[in-house]
Amino acid sequence: MSQPKVTVLHGPNLNLLGAREPEVYGYETLDDVNNALREKARIAGWAINCFQSNHEGELIDAIHAARLDETLAIIINPAAYTHTSVAILDALNAFEGKVIEVHISNVHKRESFRHHSYVSLRADGVIAGLGTQGYQAALKAILAT
Ligand code: DQA
């Protein structure tokens, strides 16, 4: 039997994690985050694909790819596309597995334009404000399913 698969998607500007507004997003880099997730998945016997893009279409393509290769779950921090992208919502609606939306910061404590999420209309779970630990919490929930 093949390994169960989870995909982790990071949206625009998250490649700058650790350097970008560290008072909001912390000092961990994206590699730190992904490596910790890879280690957890490896121990649990899951395959994991971590992908970051600054381009909406590339994130949509990655969601389609997850759909086609029978990935069981997507953990996604759509970053600013959270608040703008009907296209990412539509792509997630075509994905049949679990979707967990993660935000490093507590978006509800910030500017009002960050309070609305298109992705939350599809997400099975939403984690915000736990820093980069939010990704770990999301993966823990997926691995427990
Ligand atoms: C974010 C919150 C978004 O509002 C913002 O545009 C981001 C990151 C977060 O992880 O807290 O880029 O998704």
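The values are calculated or read from the model by the stated rules, or taken from the named source; none is laboratory data. Keep in mind the model is a prediction, meaning the values are calculated, not measured. Counting neighbours? That spans all protein chains shown, and the Cβs are built from the backbone with ideal geometry, glycine included. Only protein heavy atoms, including side chains, enter the accessible area calculation; ligands, DNA and RNA are left aside. Shrake-Rupley method; radii C 1.70, N 1.55, O 1.52, S 1.80 Å.
Can you check what the net charge comes to around HIS64, using other residues whose Cβ is under 15 Å from the Cβ of HIS64 (Lys, Arg +1; Asp, Glu -1)? Surrounding charge for HIS64 is -4. Cross-link partners among lysines for LYS5, C-alpha distance below 30 Å, same-chain residues fewer than 8 apart left out? Hits, sequence-local ones excluded: LYS40, LYS98, LYS140.
Leaving out ligands and nucleic acids, note down the accessible area per residue over the stretch 1-73 with a 1.4 angstrom probe, in whole Å².
On the way: 4090 Å² over 73 residues.
Per-residue accessible area for the stretch 1-73 comes out at 56 Å².
Between ILE76, ILE43, ILE88, the Gaussian network model of the chain with springs among Cα atoms under 10 angstrom shows the greatest mean-square fluctuation at ILE43.
Ranking SER2, ALA41, LEU72 by Cα position along the charge dipole of the stretch 1-94, where only Lys, Arg, Asp and Glu carry charges on their C-beta atoms, puts SER2 farthest toward the positive end. Among residues other than ALA123 with Cβ under 12 Å from its Cβ, the summed charge is 0 (Lys and Arg +1, Asp and Glu -1). Put a plus charge on the Cβ of each Lys and Arg, a minus charge on the Cβ of each Asp and Glu, and nothing anywhere else: the dipole of the stretch 7-51 about its Cα centre is then about 260 debye.
Tell me, what % of the accessible area of the stretch 26-145 is carbon and sulfur with a 1.4 angstrom probe? Display every interim value, and only then the final one.
Numbers: 3150 of 6080 Å².
Carbon plus sulfur share of accessible area: 52 percent.
Modelled this way, with points 7 Å down the Cα-to-C-beta line, the labels at SER120 and ALA144 are 2.2 nm from one another. Projected onto the charge dipole of the chain (+1 at Lys/Arg Cβ, -1 at Asp/Glu Cβ, origin at the Cα centre), which of VAL126, LEU30, THR145 gives the Cα projection farthest towards the positive end? Sorting the options by dipole projection puts first THR145.
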